[in-house]
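In what follows, a single structure is set out as structure tokens and then discussed.
The values are calculated or read from the model by the stated rules, or taken from the named source; none is laboratory data. Since we're looking at a predicted model, the values are computed, not measured. Note: ideal-geometry Cβ built from the backbone for every residue, glycine included; neighbour counts use all protein chains shown. Accessible surface is based on the protein model in full, side chains and every heavy atom, while ligands, DNA and RNA are left aside. Shrake-Rupley method; radii C 1.70, N 1.55, O 1.52, S 1.80 Å.
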Amino acid sequence: MQTYKYLIVGGGLAGQRACEGIRQADAEGSIALVAQEDHLPYQRPPLSKGYLRGQEGLGQLYLKEEAYYAQNGVAVFSGARVTGIDSAARNVRIDDGRKLGYERLLLATGGHAWRLPIPGNDLPGVHTLRTIEDANAIRAAAQESKRALVVGGSFIGCEVASSLAQLGLAVTMAFLEPRLLEPIAPLELSDLLHARYERNGVRILPGHTPEHLMGREKVERAAVRGNDSHLLEVDLVVMGVGIRLNTELARGAGLEMGEKGAVIVDEYLRTSDPHIYAAGDVAAWPDPTFGKRLRVDHWDVARQQGRRAGENMAGADRPYTALPYFFSDLFDLSFEVWGDLTAWDQTVLRGSMDENRFAFYYFHQGRMVGVLAAGRPAEERKPMQALVRARPAYENVAGKLRDETVDLGALVV
Ligand SMILES: Cc1cc2nc3c(=O)[nH]c(=O)nc-3n(C[C@H](O)[C@H](O)[C@H](O)COP(=O)(O)OP(=O)(O)OC[C@H]3O[C@@H](n4cnc5c(N)ncnc54)[C@H](O)[C@@H]3O)c2cc1C
């Protein structure tokens, strides 16, 4: 059995960044990366955006070229799935029967797309989106299709609907929430999005969900129900209804798991087994800014946690303290979010929504918890983040935030 000093399970963003983190702290130790997909590690955000629309190619997805792994002494096992961890003997089993030993193990297994459990959900023409193959299949189907149903009003649903509409399809969106991007978006932002989607020809059915997909050889009709019913003619359905975490290995190894099925890690991204770390979508970490455990499925968290976990596996012992961040592109609106928007009860608007240069500052129980910004001046990006970290009281900053003549930097104490 070959034993590696560092063994990474999962060839996504967190897994690839861990290689960088390890090499930063340890130039020599042997590294193996076991990746279930038949690809070198790649990034997923373009799959619902430029790649889906055919504006970006495969080359823009891969995080590093093949030569990087050889040059950095990383043995890549592509198309290989880890089927079990023996944490006492410190080895993993892969699906071809081989075992690989480790001194330190990283679980960066991410998630997989979920399908609504409704009749017809497996008909040809019904898709989910997580991998390059999923995006290729949707792109190919879009070329043959005229009418698409996108299920889900969160980020994947919004981005896919925007991309399919830009490809010229007549798109209907159905989602259970009363408005787009609920609960993250304030009402004014959802209203702006509804107007923008409708202007681009997307029909929006809030409070609706498909109950039945029908067709002979492929999907042809969708029965969608809310406070009224619709029988839609469709030739393509994309479900953007969330992910399920790939945590069966962690559970099998007896690691401590959180309430929502995530892997519990400490501030060094170490699990309840000191030889096993976890990072990215699967990890729930103690966040120092908000004083609570967070878990998110966002690109930047996977990027930063992967690297930090790698450094710590190689002995750096540095806590993970990054502010949660994500971005999205919906038609011509690109925005960025810092902080934790899972609970908020007040917002303050800075700038103008009509001119696409605005920021919503979010507060919960009187303290700032985050900011969502689109088209703001570049010099505001740093103070925005510093403000969220400082978590000022609403009454101390609300008026000044609204006043664009007040320098944001001056509000950071
Ligand atoms: C279409 C799409 C668009 C997105 N857009 C954005 C965006 O605009 N902004 C943003 O912030 N975030 C976005 N995200 C989310 C972001 O891509 C994820 O948060 C990120 O990919 C998580 O990285 P990860 O490395 O934790 O997991 P993953 O990327 O899921 O990688 C995990 C890898 O591990 C593999 N694996 C799982 N189990 C095993 C096993 N047993 N053995 C071997 N390998 C295994 C999986 O096959 C997978 O390749 C998007 C996601 C998708 C799908």
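Some observations on this one:
- Filter pass, TYR6 being within 13 Å of the ligand (Cβ to nearest atom) and closer than 21 Å to ALA283 by Cβ: no
- Positions within region 249-274 being modelled with pLDDT of 95 or more and open to solvent by 30 Å² or more (accessible area, probe 1.4 Å), in sequence order: ARG251, GLY252, GLY254, GLU256, MET257, ASP266, GLU267, TYR268, ARG270, SER272, PRO274
- With respect to (1) over 19 Å from the mean Cα position of the chain (by Cα); (2) open to solvent by 20 Å² or more (accessible area, probe 1.4 Å), the lone exception for GLY101 is condition (2).
Results for (1) crowded, with 22+ Cβ neighbours inside 10 Å; (2) within 16 Å of the ligand (Cβ to nearest atom), shown as yes or no for each residue.
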{"site": "ARG303", "(1), (2)": "no, yes"}
{"site": "ARG308", "(1), (2)": "yes, yes"}
{"site": "ASP340", "(1), (2)": "no, yes"}
{"site": "ALA343", "(1), (2)": "no, no"}
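- Qualifying residue in region 106-119 (condition: surrounded by fewer than 17 Cβ atoms within 10 Å (Cβ to Cβ) and within 12 Å of the ligand (Cβ to nearest atom)): yes
- Boolean, ALA80 is surrounded by fewer than 22 Cβ atoms within 10 Å (Cβ to Cβ), more than 8 Å from the ligand (Cβ to nearest atom) and of a type in the set (A, V, I, L, M, F, W, C): no
- Residues (of a type in the set (A, V, I, L, M), farther than 23 Å from GLY11 by Cα, touching a residue at least 24 places away in the same chain (Cβ under 8 Å) and assigned to a helix (DSSP H, G or I)) located in region 119-157: ALA141, ALA142
- For region 41-76, a residue qualifies if it is open to solvent by 40 Å² or more (accessible area, probe 1.4 Å), within 16 Å of the ligand (Cβ to nearest atom) and aliphatic (A, V, I, L, M), and the qualifying residues are LEU58, LEU63, VAL76.
- Among the residues here, VAL301 does not qualify as β-branched (Val, Ile, Thr) and touching a Ser or Thr at 6+ places or on another chain (Cβ under 6 Å).
- Filtering TYR277, TYR361, TYR325 for residues that are within 16 Å of the ligand (Cβ to nearest atom), buried (at least 18 other Cβ atoms within 10 Å of the Cβ) and more than 19 Å from the chain's Cα centre (by Cα) leaves a single hit, TYR277.
- Beta carbons closer than 8 Å, at least 6 apart along the sequence or on distinct chains, pair a first residue in region 388-413 that is part of a loop (DSSP other than H, G, I, E, B) with a second that is at pLDDT below 95 and open to solvent by less than 50 Å² (accessible area, probe 1.4 Å) for PRO392/LEU411.
- Checking ASN246 against (1) open to solvent by less than 10 Å² (accessible area, probe 1.4 Å); (2) of a type in the set (S, T, N, Q); (3) closer than 30 Å to ARG93 by Cα, the condition it does not meet: (1)
- Flag if PHE335 is within 11 Å of the ligand (Cβ to nearest atom) and either outside any helix (DSSP H, G or I) or surrounded by fewer than 18 Cβ atoms within 10 Å (Cβ to Cβ) (or both): yes
- Filtered residues of region 372-387 (kept if assigned to a helix (DSSP H, G or I) and either in contact with a His (Cβ under 8 Å, 6 or more places away or on another chain) or not polar (S, T, N, Q) (or both)): ALA378, GLU379, GLU380, ARG381, LYS382, PRO383, MET384, ALA386, LEU387
- Every pair of residues 6+ apart whose Cβ atoms lie under 6 Å, when the first sits in region 52-77 and is more than 30 Å from ALA165 (Cα to Cα) while the second is of a type in the set (Lys, Arg): ASN72/ARG23
- Unique match (being without any contact (Cβ under 8 Å) to a residue 60 or more places away in the chain and of a type in the set (Val, Ile, Thr)) among ILE8, ILE31: ILE31
- Region 159-206: number of residues that are among the basic types (Lys, Arg) and open to solvent by 60 Å² or more (accessible area, probe 1.4 Å): 2
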